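What follows is a set of notes on a single structure, which appears directly below.
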Amino acid sequence: MNKTKTNCFAVLAALVLAIFAAACSDDSSAPVLGPARITRIDDNYTDIEQDEDFSGINVKLIYPISSIVGMRFVYPYKDPYGYPVMLSGIICVPKTIYNQEDKKADGIMLYNHYTIMTNYECPSYGVVEEKDNKAIGLKEISALGIKAQVDLIGPDPVYIGVENHKIITVAADYYGFGETNGSVQYYCEGDYNARANLEALKVAKELLKEKGYTWDDYLLNVGYSQGGQTAVAVQKLVDQGEYDENIAATYAGSGPYDLNKTYMSYLDVKDEERDIAVVVYPVLSYNMYKFLGLNYSTAFKPKLSEKINDWFLSKKFTREEIDKKIKEAGMPKLSDAFSDELLDTTSASSQKLSAALDTVSLLKGWTPNKNDRIYLYYSRSDTLVQPINGEEMASFFKNKGFAEKPADHASVSMIILSTLAGGAKDARPSAGEVAVRISDGETHEDGGSIWMMDVISELKLHLNPEP
């Protein structure tokens, strides 16, 4: 190459770099990339109290958020398109070891959060700003030490969970929340969200070490609903060797493990009343990040398409609030909200969406480690995440050589009583087992209580093994 051509290329390269630098400096919304770091620490949370009626028994559940210290952190990763981005998460350290002389934890819980649609529900929100003085996103995280006031027992709260436990919890804000709140969430993309959580775990361990914390080699991987899908995806990535983690057990509840079959199960009941916000959001998310090219004005009927920005993309409303708005607007059924084109499984748009959803199925493409300890919960009455997901996920593990350990069919009240008694031993899997808990009458929301009680039972039995 001659000198003239070399100089021309040098000038062009310099010009490109100058334009790029100018563009970056003018974009005030561009994230500030950098090393992982703790951005805020909060130790002044307010407990959340929740009144419940379980089979005629009045119970006040007390989520002891005041017993944990939240350390919000940011860390570098990739956005759904593969470009560098800073994500956020939280490390919750129990006050039993926070800044104590003994900073040794009994283990770490990796928490994969459930479906959320507002930023104040994400795990790290609690250390930035509370919703009505309640750190909603930390509710389940604090539940390891949950207490209850039960009329039949007496006026004083009693521990259902582990009193003064020493378990550190790590949780990521999935893409679209926390640090990336201005973006559409990457909803139910199991592998991506699992990687975000595993990256958060890796970073959190380094940040904890810098502060002098140590912990036993016990990693409990848990999640319910969307978090159940993510928890199984975490196990998958670890089993495939992508991350060097030693998972003690995975506790997954009512997850959409096969997203396409979940979507198709909604189409099967398109003329029946359902909560459908969880069906709308995969269309929005996969259309954006899988480049489907769907037009919302033709994918949805006008009454819904004109509300997509306000109800969904604004992140002003919870899933429950959105479903209420959808029904009040005269769309109680999927056939009221989705266009005929999207409801027609033979149409090009429907098949394109179906193929994209199928790419994240956890029922194929991997082989679990034979020593994995797996727990699954689902309800036969669940209309939000249909039971076919739990049935087929259990069959997947059994077909891979896992022994099934059936857990008793039980109501929420029975599970709470067994947890009070020291833990549900029937739901704790051994190596190479999948423990399957099935309920017959519980809603999706009540099923979350059963799953959480079994998570607590796992922890109780781990910390207090029988002689």
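When you go through Cys92, Cys122 one by one, which is the residue that is free of Cβ contacts under 8 Å to residues at least 60 places away in the same chain, of a type in the set (A, V, I, L, M, F, W, C) and within 27 Å of Asn181 (Cβ to Cβ)?
On the way: Cys92 fails: free of Cβ contacts under 8 Å to residues at least 60 places away in the same chain.
Unique residue meeting the criteria: Cys122.
Restricting attention to the stretch 373-384, the residues that are open to solvent by less than 20 Å² (accessible area, probe 1.4 Å), farther than 18 Å from Ile415 by Cβ and assigned to a loop (DSSP other than H, G, I, E, B) add up to 1. Ala171 meets the conditions (1) open to solvent by less than 20 Å² (accessible area, probe 1.4 Å); (2) outside any strand (DSSP E or B); (3) hydrophobic (A, V, I, L, M, F, W, C) in every case but one. The failed one is (2).
State which residue is farthest from Tyr251 (Cα to Cα) when the search covers only the stretch 201-221 and only residues that are part of a helix (DSSP H, G or I) and more than 24 Å from the chain's Cα centre (by Cα).
Within the stretch 201-221, the first condition is being part of a helix (DSSP H, G or I), and the residues that meet it are 201-210.
From what is left, the residues that are more than 24 Å from the chain's Cα centre (by Cα) are 209-210.
Values: Lys209: 26, Glu210: 29 Å.
Taking the candidates together, the pick is Glu210.
Every listed requirement among (1) free of Cβ contacts under 8 Å to residues at least 60 places away in the same chain; (2) on the phi < 0 side of the Ramachandran plot is met by Ile450 save one, (1).
Applying the set (1) part of a strand (DSSP E or B); (2) open to solvent by less than 50 Å² (accessible area, probe 1.4 Å); (3) modelled with pLDDT of 95 or more to Val59 leaves exactly one unmet item: (3). Considering (1) closer than 26 Å to Gly432 by Cα; (2) open to solvent by 20 Å² or more (accessible area, probe 1.4 Å); (3) not basic (Lys, Arg); (4) not in a loop (DSSP other than H, G, I, E, B), the lone condition that Glu245 does not fulfil carries the number (4).
Can you pull out the residues in the stretch 406-427 that are in a helix (DSSP H, G or I) and small (Gly, Ala, Ser)? Correct list: Ser413, Ser418, Ala427. Restricting attention to the stretch 417-439 and to residues that are over 24 Å from the mean Cα position of the chain (by Cα), in contact (Cβ under 8 Å) with a residue 60 or more places away in the chain and open to solvent by 40 Å² or more (accessible area, probe 1.4 Å), the residue that is farthest from Gln149 (Cα to Cα) turns out to be Ala431. In this entry, Asn133 is excluded by the filter for residues that are surrounded by fewer than 24 Cβ atoms within 10 Å (Cβ to Cβ), touching an Asp or Glu at 6+ places or on another chain (Cβ under 7 Å) and more than 17 Å from Asn181 (Cβ to Cβ).
Going through the stretch 385-405 one residue at a time, which ones are in a loop (DSSP other than H, G, I, E, B), out of contact with any helix residue (DSSP H, G or I) (no Cβ under 7 Å at 6 or more places or on another chain) and not charged (D, E, K, R)? First the steps, then the outcome.
Initially, the stretch 385-405 is screened for residues in a loop (DSSP other than H, G, I, E, B), giving 385-387, 400-402.
Adding the requirement that they be out of contact with any helix residue (DSSP H, G or I) (no Cβ under 7 Å at 6 or more places or on another chain) leaves 387, 400-402.
Correct list: Pro387, Gly401, Phe402.
Checking each residue in the stretch 216-237 for being in contact with a strand residue (DSSP E or B) (Cβ under 6 Å, 6 or more places away or on another chain) and among the aliphatic types (A, V, I, L, M) picks out Leu219, Leu220, Val222, Ala231, Val232, Val234. Here Asn193 fulfils each of the conditions (1) closer than 24 Å to Tyr378 by Cβ; (2) touching a Gly at 6+ places or on another chain (Cβ under 7 Å); (3) part of a helix (DSSP H, G or I) apart from (2).
Based on what the data block shows, is Lys202 in contact (Cβ under 8 Å) with a residue 24 or more places away in the chain, open to solvent by 60 Å² or more (accessible area, probe 1.4 Å) and of a type in the set (D, E, K, R)? Write out each step before concluding.
Working: in contact (Cβ under 8 Å) with a residue 24 or more places away in the chain: yes; open to solvent by 60 Å² or more (accessible area, probe 1.4 Å): yes; of a type in the set (D, E, K, R): yes.
It is true that Lys202 is in contact (Cβ under 8 Å) with a residue 24 or more places away in the chain, open to solvent by 60 Å² or more (accessible area, probe 1.4 Å) and of a type in the set (D, E, K, R).
Restricting Asp106, Asp173, Asp156, Asp151 to residues that are among the charged types (D, E, K, R) and touching a Lys or Arg at 6+ places or on another chain (Cβ under 6 Å) narrows the list to Asp106.
Within the stretch 422-453, can you find the residues that are of a type in the set (D, E, K, R), modelled with pLDDT of 95 or more and touching a Lys or Arg at 6+ places or on another chain (Cβ under 6 Å)? It would help to see each step written out before you state the result.
Step one: filter the stretch 422-453 for residues of a type in the set (D, E, K, R), giving 425-426, 428, 433, 437, 440, 442, 445-446.
Now restrict to residues that are modelled with pLDDT of 95 or more: 428, 433, 437.
Listed by number, the list holds a single entry, Glu433.
The set of residues in the stretch 55-75 being hydrophobic (A, V, I, L, M, F, W, C) and under 18 Å from Ala143 (Cα atoms) consists of Val59, Leu61, Ile62, Ile65, Ile68, Val69, Met71. Selection within the stretch 295-310: residues that are open to solvent by 20 Å² or more (accessible area, probe 1.4 Å), in contact (Cβ under 8 Å) with a residue 12 or more places away in the chain and of a type outside the set (Lys, Arg). The member of this set that is nearest to Ile116 (Cα to Cα) is Tyr296.
Looking only at the stretch 64-84, residues that are of a type outside the set (D, E, K, R), within 20 Å of the chain's Cα centre (by Cα) and open to solvent by 20 Å² or more (accessible area, probe 1.4 Å) come to 3 in all. Restricting attention to the stretch 315-342, the residues that are crowded, with 17+ Cβ neighbours inside 10 Å and more than 19 Å from Leu384 (Cβ to Cβ) add up to 3. Of all residue pairs spaced 6 or more apart or on separate chains, those with beta-carbon atoms under 6 Å, a first member in the stretch 150-168 that is at pLDDT 90 or above and open to solvent by less than 20 Å² (accessible area, probe 1.4 Å) and a second member that is assigned to a loop (DSSP other than H, G, I, E, B) and not charged (D, E, K, R) are Ile160/Ile146; Gly161/Ile146. Tell me yes or no: at least one residue of the stretch 119-126 is surrounded by fewer than 24 Cβ atoms within 10 Å (Cβ to Cβ) and either at pLDDT 95 or above or closer than 27 Å to Asn58 by Cβ (or both). Yes, the conditions are met somewhere in the stretch 119-126.
The values are calculated or read from the model by the stated rules, or taken from the named source; none is laboratory data. Source: prediction; values computed, not measured. Neighbour counts are summed over all protein chains in view; Cβ atoms, including those assigned to glycine, are modelled from backbone coordinates with ideal geometry. We work out accessible area using only protein heavy atoms, side chains counted, and drop any ligands, DNA or RNA first. Shrake-Rupley method; radii C 1.70, N 1.55, O 1.52, S 1.80 Å.
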